[in-house]
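To start, the structure under review is shown below, and the notes come after it.
Values quoted throughout were computed directly from the atomic coordinates according to the rules given, and no laboratory measurement underlies them. No experiment lies behind these values; they were computed from the predicted model shown. Note that we place each Cβ from the backbone using ideal geometry, even for glycine, and neighbour counts take in every protein chain shown.
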Amino acid sequence: MTVSTGSSQSSGCSDLLHVMLLDDDELLRDRVLAPRLRQFGFDVTAIGRMAEMAAAVEMQRPDIVLLDIGLPDSDGFTVVRWLHAELPGTGIVMLTGRSENIDRVRGLSEGADAYLSKPVEIDVLVATLQSLARRLKLSPACAAAENVWRLDSNDWLLLSPTSGRVALSKAERCLLEKFMQHPNQVVSRESLIGTLTNDVHEFDPHRLDSLIHRLRRKVLATLGQSLPLDAIYGQGYLFAVN
């Protein structure tokens, strides 16, 4: 099975890491893993059989493939070999209910980058995908510390001036990206709401305030320093940078 691969597309508020999720457990795939990964800012294509991969790859080449070891028409080891032959450079994470060390050793020996056992905590899965993305994507220049608040170019992380890291949801990253596009400027509430939804008239403005409040608390709790984000009464919010 040979495929041609086009350039990776992007969606959402920024260039998203594209994860192809290959698992025949429909409930786990479509109701748990795919929506949770999207909440953390990943662009997810979810399929249930190896036979669907060629068509899915034609539509959008994945950055990382997250796959179950047991499939109805193949097995994870065969998929790993196919990926190395057809999509070299693609990250591979095996996710399986099998706990035997022999499967883990074989998976890593075949070329998987990581091997996780089900049930897996979503935070562990996200951290694994983000760590792999750094190894695959980031150049030394991108990884160099800068004395400013900034967004990691591939992971959904906020980096502090002291190189602290805070994991972000999709909504949090979209807001911060908007603020960083307009440093030291008041960004109106309407503009921020438009960043989060296309249906601005149905969006409860209090949700924006709650989201920003939770983001501030998370940054303070994680880093021990305050995010320089101030509410400007009657206007919006201002991200203050030097």
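Structure values in brief
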{"quantity": "Residue within segment 231-240 that is out of contact with any Lys or Arg (no Cβ under 9 Å at 6 or more places or on another chain), loosely packed, with under 13 Cβ neighbours inside 10 Å and within 26 Å of Leu129 (Cα to Cα) present", "calculated": "no"}
{"quantity": "Enumeration of residues in segment 218-229 that are out of contact with any Lys or Arg (no Cβ under 9 Å at 6 or more places or on another chain) and surrounded by 12 or more Cβ atoms within 10 Å (Cβ to Cβ)", "calculated": "Lys218, Val219, Leu220, Gln225, Pro228"}
{"quantity": "Exclusive hit being under 23 Å from Gly97 (Cα atoms), of a type outside the set (Phe, Trp, Tyr), in contact (Cβ under 8 Å) with a residue 40 or more places away in the chain and buried (at least 22 other Cβ atoms within 10 Å of the Cβ), set Asp63, Asp68", "calculated": "Asp68"}
{"quantity": "Yes/no for Thr96 being buried (at least 18 other Cβ atoms within 10 Å of the Cβ), farther than 23 Å from Ala54 by Cα and free of Cβ contacts under 8 Å to residues at least 60 places away in the same chain", "calculated": "no"}
{"quantity": "Within segment 99-122, tally of residues that are out of contact with any Leu (no Cβ under 7 Å at 6 or more places or on another chain) and in contact (Cβ under 8 Å) with a residue 24 or more places away in the chain", "calculated": "7"}
